[in-house]
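Heads up: the structure comes next, in structure tokens.
The values are calculated or read from the model by the stated rules, or taken from the named source; none is laboratory data. Owing to the predicted nature of the structure, the values given are computational and were not obtained by experimental measurement. So basically every Cβ, Gly included, is an ideal-geometry build from the backbone, and we count neighbours across all protein chains shown. These accessible areas exclude ligands, DNA and RNA; they are computed on the full protein's heavy atoms, side chains included. Shrake-Rupley method; radii C 1.70, N 1.55, O 1.52, S 1.80 Å.
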Amino acid sequence: MATPSIMKHVELFRGLSDEQLAQVALLGQEEVYQTGDILCEQDAPGDNVFIIMRGQVEIRVRDRSGAQHSAVYLGAGQVIGEMALVDEGKRSATVIAAEDGTTVFSIPSDEFVRLCKTDTHIGYLLMRNIAQDLSFKLRHGNTNPSSD
Amino acid sequence: MIYKVSYVVKGGNFPGGIKNETERPVIGQKVRIGPHTFEVIEILEIMPPRDDFQFLHVTVQPVEAAEQKAPS
């Protein structure tokens with residue numbers, strides 16, 4: 001279980017009280033991966049949200065020709081799987097651990113959504129923070145020369 | 001303060017990265033993104049800070065390129 005003090009360093013949980021953080025912490029569990037381990041694959045069902053607590057992951061996207069290319073590396077504090085959470089679509093990318101000991105906090109998507117629905121204040125804060133995180137990622141993509 | 005940093009690589013074909021840092025990056029600092037090491041060459045604030053979070057856009061270049069430019 002992730003501790004609320006570590007979760008305060010994650011933007012997804014910005015604005016949540018200690019009590020609310022403790023509620024979220026109960027939903028998930030820590031998972032540890034080694035370099036090359038696959039956390040999730042593109043086009044698979046998006047059934048978990050991952051928050052990177054330690055290490056780095058590589059986000060790989062397969063294009064229409066079937067070729068896979070590296071889209072971005074994400075490190076501590078970043079969220080994976082939020083797109084599938086918002087639009088209920090399939091995974092938009094494959095996620096691979098890029099460091100030994102990469103540690104993520106994994107929350108089942110249905111548990112995450114259930115909490116948002118039962119406590120709408122937490123739900124508002126989490127969805128607002130997800131929107132801001134997606135905005136930040138878009139800005140990164142827009143300014144990245146390799147994405148041209 | 002937590003610094004949420006978008007690292008964009010100048011030159012080459014590398015996707016860069018996003019991660020949270022506990023200290024603000026500085027020019028000349030070496031950062032590890034995936035399997036490579038880069039040097040920070042520019043730092044911009046891209047959004048106003050919110051609560052304990054500051055949002056930075058940092059341009060980096062491969063360390064090899066930085067070393068080639070340095071006077072011998």
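What the table shows:
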read-out	value
Sequence-distant residues sharing a close amide H with residue B:50 (under 5 Å, placed H)	none
Estimated distance in nm for a label pair at residue B:45 and residue A:88, the labels positioned 7 Å out from Cα along Cα-to-Cβ	4.1 nm
Most mobile listed residue (A:80, A:51, A:122) in chain A, GNM with C-alpha springs under 10 Å	A:122
Top positive-direction residue, dipole computed over the range A:62-113 with Cβ charges, set A:113, A:65, A:92	A:65
Residues with amide H under 5 Å from that of residue B:19, placed H, sequence gap 5 or more	A:75, B:5, B:7
Among A:77, A:123, A:55: highest mean-square fluctuation, GNM of chain A, C-alpha pairs under 10 Å	A:123
Accessible area of the protein assembly as shown divided out per residue, in Å², using a probe of 1.4 angstrom	49 Å²
Size of charge dipole - the range A:5-147 - debye, nearest 20, with Cβ of Lys, Arg +1 and Asp, Glu -1, no other charges	480 debye
The range A:1-62, relative contact order [Cα under 8 Å, separation at least 6], %	33 percent
Carbon and sulfur %, accessible surface of the range A:66-148 computed with the full protein complex present, 1.4 Å	55 percent
Furthest towards positive pole of dipole, B:9, B:46, B:20, structure part chain B, Cβ charges	B:9
Accessible surface of chain B [probe 1.4 Å, protein heavy atoms]: carbon and sulfur percent	50 percent
Förster radius 45 Å - calculated FRET efficiency between residue A:18 and residue A:65, Cβ distance, rounded to 0.05	0.40
Candidates per trypsin sites (Lys or Arg not before Pro) in the range A:44-148, loop by DSSP, up to 12 other Cβ within 10 Å	A:64
Over the range A:5-147, relative contact order from alpha-carbon pairs under 8 Å, at least 6 apart, %	32 percent
Rounded to 10°, Cα long-axis angle of helix A:109-118 versus longest principal axis of chain A	40 degrees
Furthest towards positive pole of dipole, A:141, A:75, A:9, structure part chain A, Cβ charges	A:141
Shielded by partner chains, the range B:6-22 residues - at least 50 Å² of accessible area, 1.4 Å probe, vs chain alone	B:8, B:15, B:18, B:20
Angle between chain A longest axis and helix A:120-143 axis [Cα atoms, degrees, rounded to 10]	20 degrees
Chain B: relative contact order as a whole-number percent, Cα under 8 Å and 6+ apart	35 percent
